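Beneath this line is the structure, given in structure tokens, with notes to follow.
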Amino acid sequence: METTITNIDNQLEIASNMLKYQMGLKANEEIEVTDKLDDLLAEVNKDFLLNSSFDYNNHIDYKLLKDQEKMAVLQLKLKRSEYYPTLSGYYSFQQDAMRNKFNFFNSNDKWFTNQMVGVQLEVPIFSSGNRKYKVQQSKLEIEKIKVMDDQLKQGLSLKVRTVKSEFNNAYLIYLNKKMAVGNAEKIYQKTEVKYREGIANSLDLSQTYNQYLTNQIEYLTSILDLLNKKSELEKELTKVSY
């Protein structure tokens, strides 16, 4: 029993340190858990979560894929632009003194002006198929993203339906374990009364108490699973905007 208690204390310390780590706190900082299980369970709105509609356009994974598609379209336009001719113009203006002496700051001497205006046209004719290959590669990238788009839509919809089903099952199991621990507690209390009155023996009392503890553990485990499924479902239903 002492070994079991020591093991439980160690697990509590590990869980506390993990909570501090996830909160960005140092291990030597003191924290106090104030939330009660009843308060957390009160936030579980089964009907709202199960009836909430899902729009893949608001999912972060789908938004990232659409951004990737936009980049691929821009990349295709860039590769196609290599086929276009380039027309550029230039203008040059300069003044030369053409003197044998260093008297450039003398305003009375003459300066000779030279100006030039020109237009240059570059027409791409031959590139050994390199431009064509780049354009085809960009087109294939867009087609690949379109296929990924359909797969992601189906995958996200299926995932949300699966998570909703898992959340609903976790909720039903929670209700079942809650009822079971209540019944086990009543049985233990009645057995305890019988034991005091000499009707039940110590073995009966020990068995009912162990059964009550087992149901308590299963009940707490069902709560943990329910809260995890709730968090997972909320994450999938959360609308992301950026």
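Across segment 79-92, what is the number of residues that are open to solvent by less than 70 Å² (accessible area, probe 1.4 Å) and either of a type in the set (Phe, Trp, Tyr) or in contact (Cβ under 8 Å) with a residue 40 or more places away in the chain (or both)?
Number satisfying all stated conditions: 2.
Looking at segment 13-38 only, could you name the residues that are among the charged types (D, E, K, R) and within 26 Å of the chain's Cα centre (by Cα)?
Of everything in segment 13-38, those that are among the charged types (D, E, K, R) and within 26 Å of the chain's Cα centre (by Cα) turn out to be 20, 26, 35.
Restricted to segment 207-242, and to residues that are aromatic (Phe, Trp, Tyr) and at pLDDT 90 or above, which residue is surrounded by the fewest Cβ atoms within 10 Å (Cβ to Cβ)?
209
Please go through segment 123-182 and pick out each residue that is over 30 Å from residue 213 (Cβ atoms), open to solvent by 40 Å² or more (accessible area, probe 1.4 Å), in a helix (DSSP H, G or I) and of a type in the set (S, T, N, Q).
Scanning segment 123-182 gives 130, 136, 137, 151, 154, 162, 165.
Quick one: is residue 76 in contact with a helix residue (DSSP H, G or I) (Cβ under 6 Å, 6 or more places away or on another chain), touching a residue at least 60 places away in the same chain (Cβ under 8 Å) and closer than 30 Å to residue 232 by Cα?
no
Has segment 41-55 got any residue that is among the aliphatic types (A, V, I, L, M), touching a helix residue (DSSP H, G or I) at 6+ places or on another chain (Cβ under 9 Å) and closer than 30 Å to residue 133 by Cα?
No, there is no match, as no residue in segment 41-55 is among the aliphatic types (A, V, I, L, M), touching a helix residue (DSSP H, G or I) at 6+ places or on another chain (Cβ under 9 Å) and closer than 30 Å to residue 133 by Cα.
Report yes if some residue within segment 152-173 is basic (Lys, Arg), closer than 30 Å to residue 90 by Cα and either in contact with a strand residue (DSSP E or B) (Cβ under 7 Å, 6 or more places away or on another chain) or touching a residue at least 40 places away in the same chain (Cβ under 8 Å) (or both); otherwise report no.
There is no residue in segment 152-173 that is basic (Lys, Arg), closer than 30 Å to residue 90 by Cα and either in contact with a strand residue (DSSP E or B) (Cβ under 7 Å, 6 or more places away or on another chain) or touching a residue at least 40 places away in the same chain (Cβ under 8 Å) (or both).
Give just the number: which of (1) within 26 Å of residue 165 (Cα to Cα); (2) within 23 Å of the chain's Cα centre (by Cα) does residue 47 not satisfy?
The failed condition is (2).
Looking only at segment 93-122, how many residues end up being among the small types (Gly, Ala, Ser) and either in a helix (DSSP H, G or I) or surrounded by 10 or more Cβ atoms within 10 Å (Cβ to Cβ) (or both)?
1
Looking only at segment 199-206, decide whether some residue is touching an Asp or Glu at 6+ places or on another chain (Cβ under 7 Å), free of Cβ contacts under 8 Å to residues at least 40 places away in the same chain, surrounded by 15 or more Cβ atoms within 10 Å (Cβ to Cβ) and part of a helix (DSSP H, G or I).
Yes, because at least one residue in segment 199-206 is touching an Asp or Glu at 6+ places or on another chain (Cβ under 7 Å), free of Cβ contacts under 8 Å to residues at least 40 places away in the same chain, surrounded by 15 or more Cβ atoms within 10 Å (Cβ to Cβ) and part of a helix (DSSP H, G or I).
Among the residues of segment 1-56, how many are open to solvent by 70 Å² or more (accessible area, probe 1.4 Å), assigned to a helix (DSSP H, G or I) and either under 29 Å from residue 238 (Cα atoms) or in contact (Cβ under 8 Å) with a residue 60 or more places away in the chain (or both)?
Summing the residues that are open to solvent by 70 Å² or more (accessible area, probe 1.4 Å), assigned to a helix (DSSP H, G or I) and either under 29 Å from residue 238 (Cα atoms) or in contact (Cβ under 8 Å) with a residue 60 or more places away in the chain (or both) in segment 1-56 gives 10.
The values are calculated or read from the model by the stated rules, or taken from the named source; none is laboratory data. Just so it is clear, the model here is predicted, and its values are computed rather than measured. Reconstructed Cβ throughout: ideal geometry from the backbone, glycine too, with neighbour counts over all protein chains shown. Side chains are part of the model used for accessible areas, which takes the heavy atoms of the whole protein and leaves out ligands, DNA and RNA. Shrake-Rupley method; radii C 1.70, N 1.55, O 1.52, S 1.80 Å.
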